[in-house]
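Participant: My structure is below; once you've seen it, I'll send some questions.
Throughout, read-outs are computed from the coordinates displayed, never taken from laboratory work. Just so it is clear, the model here is predicted, and its values are computed rather than measured. Here the Cβ positions follow ideal geometry from the backbone for every residue, glycine too, while neighbour counts run over all protein chains shown.
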Amino acid sequence: MKNFVVKTIANAGALAVAVWLLDKITLTGDSTGKKVGTLILVALVFGLVNFVVKPIVKLLSLPLLILTLGLFTLVVNALMLLLTSWLADKLDLSFHVEGFWTAVLGGLIISIVSWALNVVLPDGD
């Protein structure tokens with residue numbers, strides 16, 4: 001359970017960095033508290049998408065992953081971010097990613113920041 005909380009906080013922090021760095025990834029809200037709550041909910045949706053959908057997409061795209069020596073992972077990450085944006089819209093969360101190339105760059109930023117935060121934050125072990 002502790003590991004789940006740490007990963008969710010890391011995802012929320014990584015999403016916050018992507019929102020801060022990229023103009024086409026937006027998070028709207030009246031107050032800072034509402035934005036933090038929205039980020040945590042979006043991080044939960046993002047974690048769920050990465051847990052359920054991403055392995056299936058990676059398995060189906062295995063030939064492309066091998067052919068591109070893993071670079072197709074950037075496309076898979078972008079698709080997961082776009083799916084998260086779509087689900088956030090359906091759940092009435094104020095998070096939006098505009099465009100595929102923004103999603104590629106956002107996915108790259110989120111991967112790097114999430115990795116760094118997972119190294120720094122304590123886990124449940």
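Participant: Please work out the ratio of the alpha-carbon Rg of region 74-125 to 2.2 N^0.38 Å and round it to two decimals.
Facilitator: Ratio of Cα Rg to 2.2 N^0.38 Å: 1.30.
Participant: Could you tell me which of rounded, prolate or oblate describes the chain, using a ≥ b ≥ c as the square roots of the eigenvalues of the alpha-carbon gyration tensor, with rounded for a/c under 1.5 and, failing that, prolate when a/b is larger than b/c and oblate otherwise?
Facilitator: Note, shape of the chain comes out oblate.
Participant: Rounded to the nearest 500, what is the chain's calculated 222 nm mean residue ellipticity when only DSSP H runs of at least 4 contribute -39500 (n - 2.57) each, over all residues?
Facilitator: The helix contribution divided over the chain gives -26000 deg cm²/dmol.
Participant: If you stretched the chain out fully between Val6 and Leu21, how much longer would it get, using 0.36 nm times the residue separation minus the C-alpha to C-alpha distance?
Facilitator: Roughly 3.1 nm would be gained on extension.
Participant: Beyond 19 Å, what percent of the Cα pairs of region 1-74 remain?
Facilitator: 49 percent
Participant: By average Cβ neighbour count within 10 Å, what is the ranking of 14-26, 63-75 from highest down?
Facilitator: Most protected by this proxy first, the peptides run 14-26, 63-75.
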